[in-house]
Amino acid sequence: MNAKRLGTQTVRFTSPPSIVGSGNVVGKKEGEGPLKDSFDAIDTDTLFGQKTWEKAESEMQRRALTVALDKAGVSTSEVQYLFGGDLLNQCIATSYNIKNSGIPFFGLYGACSTMAESLALAAMAIDGGYASRTAAITSSHFSTAERQYRAPLSYGSQRTPSAQWTATAAGAVILSAAGKGPYVKAHTTGCVVDMEIKDANNMGAAMAPAAYDTLSAFFADTGLKPSDLDLVLTGDLGRVGASVLTELFKMDDVDLEPYYNDCGLLLFDSADQDVHAGGSGCGCSAAVFTGHILNSMRAGKLNRVLFAATGALHSPTALQQGGTIPGICHAVLLENFKEERYALDLC
């Protein structure tokens with residue numbers, strides 16, 4: 001077991017799982033953004049043919065998982081575990097999506113970090129020898145998130161400049177013990193970090209310290225530097241959180257900016273689309289990762305990516321009681337090469 005550990009928070013996969021299939025589905029606004037060509041499906045009906053927003057989110061997940069399975073050439077009966085979750089109470093978008101599927105299910109809640117968390121755990125199950133095929137999935141929907149966390153859309157509340165736009169999107173990946181890259185090579189588990197921010201319209205600032213904590217742990221544990229990576233990708237800090245993160249690293253004399261981007265900044269065109277500080281929600285990083293990032297890796301444009309999805313562990317009940325918004329970040333290292341060229345050295 002110790003042979004797999006790097007430092008305090010990172011594990012190295014000695015048999016790196018392969019991402020053999022991926023799929024995503026997005027809504028109208030996301031399909032009008034700069035990454036529109038990277039999505040498998042864009043539906044201009046934000047209800048996705050359903051009667052409620054919540055059922056629409058489950059339908060998005062169902063479609064994304066179907067696409068991922070088809071690309072992988074895998075049936076549901078061949079998936080031994082599915083790791084997934086969403087932003088809704090009791091993670092109903094995910095559980096309602098896969099009910100009656102026959103796939104053994106681990107329900108997760110990592111807020112907007114869920115894509116990286118589910119990917120990491122799905123990889124651990126394979127590297128540990130407990131499965132040969134697993135799936136990871138997550139989603140968010142603008143209308144379900146607004147109703148649960150802030151106010152129903154009909155309320156017409158004013159959005160502050162620091163507010164982010166919850167993506168209507170779902171993403172899924174299929175992992176296998178055998179297959180071509182990209183490969184999941186390592187994972188740094190995040191710690192909950194609370195800087196006592198209480199503004200539900202400033203999630204980026206709440207999550208940025210957690211991203212800094214996890215990324216710092218990854219660099220310390222592995223001995224790697226930002227310059228050793230093609231891309232350090234957070235999701236989804238938005239404009240405010242991304243600025244905070246890069247400033248925190250500058251205080252350590254580390255220039256992250258040349259190698260850095262954020263899913264919340266990539267998903268929408270901030271000049272032409274009114275999203276204020278950028279995108280957010282589980283589906284934001286899921287759609288960017290399963291589309292633009294994996295496509296770029298398969299095309300050889302990116303060979304080594306650190307995907308660090310961030311989450312605000314936000315509870316309306318806690319905030320109403322004067323509570324704060326803790327943050328979490330999970331980081332996953334992906335490489336196009338299984339051995340030699342980009343193999344991690346044990347520290």
Need pairs with beta-carbon distance below 9 Å; first residue at positive phi and in the same structural domain as S280 (by TED's automatic domain parsing) and within the stretch 198-226, second modelled with pLDDT of 85 or more and not in a loop (DSSP other than H, G, I, E, B); sequence gap 6+ or separate chains. G223/L6
Residue satisfying all of: in the stretch 48-67; farther than 30 Å from K180 by Cα and in a helix (DSSP H, G or I); nearest to the chain's Cα centre (by Cα) among these: E57
Residue tally, condition at pLDDT below 95 and either out of contact with any Phe, Trp or Tyr (no Cβ under 8 Å at 6 or more places or on another chain) or assigned to a strand (DSSP E or B) (or both), over the stretch 180-191: 1
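Scan the stretch 328-347 for residues that are at pLDDT below 95 and not in a loop (DSSP other than H, G, I, E, B) and jot them down.
E340, R341, Y342
For the subset of the stretch 267-289 comprising residues that are surrounded by fewer than 24 Cβ atoms within 10 Å (Cβ to Cβ) and of a type outside the set (D, E), which member is modelled with the lowest pLDDT?
Going residue by residue through the stretch 267-289, those that are surrounded by fewer than 24 Cβ atoms within 10 Å (Cβ to Cβ) are 269-274, 276.
Applying the additional criterion that residues be of a type outside the set (D, E) yields 270-271, 273, 276.
On the way: S270: 80, A271: 77, Q273: 82, H276: 68.
Looking at the filtered set, the residue picked out is H276.
State yes or no: is A242 surrounded by 24 or more Cβ atoms within 10 Å (Cβ to Cβ) and touching a Cys at 6+ places or on another chain (Cβ under 9 Å)?
no
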Of the listed residues (A217, A211, A163, A169), the one being surrounded by 16 or more Cβ atoms within 10 Å (Cβ to Cβ), over 16 Å from the mean Cα position of the chain (by Cα) and modelled with pLDDT of 95 or more is A217
Could you tell me which residue of the stretch 192-208 is modelled with the highest pLDDT, considering only residues that are within 22 Å of F219 (Cβ to Cβ) and under 16 Å from the mean Cα position of the chain (by Cα)? A208
For the stretch 1-30, name all the residues that are buried (at least 19 other Cβ atoms within 10 Å of the Cβ) and assigned to a helix (DSSP H, G or I). K29, E30
Among the residues in the stretch 235-245, are any free of Cβ contacts under 8 Å to residues at least 40 places away in the same chain, more than 27 Å from G7 (Cα to Cα), hydroxyl-bearing (S, T, Y) and touching a Leu at 6+ places or on another chain (Cβ under 9 Å)? yes
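Determine, yes or no, whether M297 is farther than 28 Å from K71 by Cβ, modelled with pLDDT of 90 or more and not polar (S, T, N, Q). Lay out the reasoning, then the answer.
On the way: farther than 28 Å from K71 by Cβ: no; modelled with pLDDT of 90 or more: yes; not polar (S, T, N, Q): yes.
No: the conditions fail for M297.
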Residues within the stretch 259-290 that are within 12 Å of the chain's Cα centre (by Cα) and farther than 18 Å from D86 by Cα, tallied: 1
Within the stretch 73-92, work out how many residues are in a helix (DSSP H, G or I), at pLDDT below 95 and in contact with a strand residue (DSSP E or B) (Cβ under 6 Å, 6 or more places away or on another chain). 1
From the list D37, D45, D70, pick out the single residue that is part of a loop (DSSP other than H, G, I, E, B), over 22 Å from G311 (Cα atoms) and of a type in the set (D, E, K, R). D45
Among the residues of the stretch 44-102, how many are touching a Ser or Thr at 6+ places or on another chain (Cβ under 7 Å), surrounded by fewer than 18 Cβ atoms within 10 Å (Cβ to Cβ) and of a type in the set (A, V, I, L, M, F, W, C)? 0
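The values are calculated or read from the model by the stated rules, or taken from the named source; none is laboratory data. Only a predicted model underlies this, so the values are computations on that prediction, with no experimental measurement involved. Positions of Cβ are backbone-derived with ideal geometry, glycine not excepted, and every protein chain shown enters the neighbour counts.
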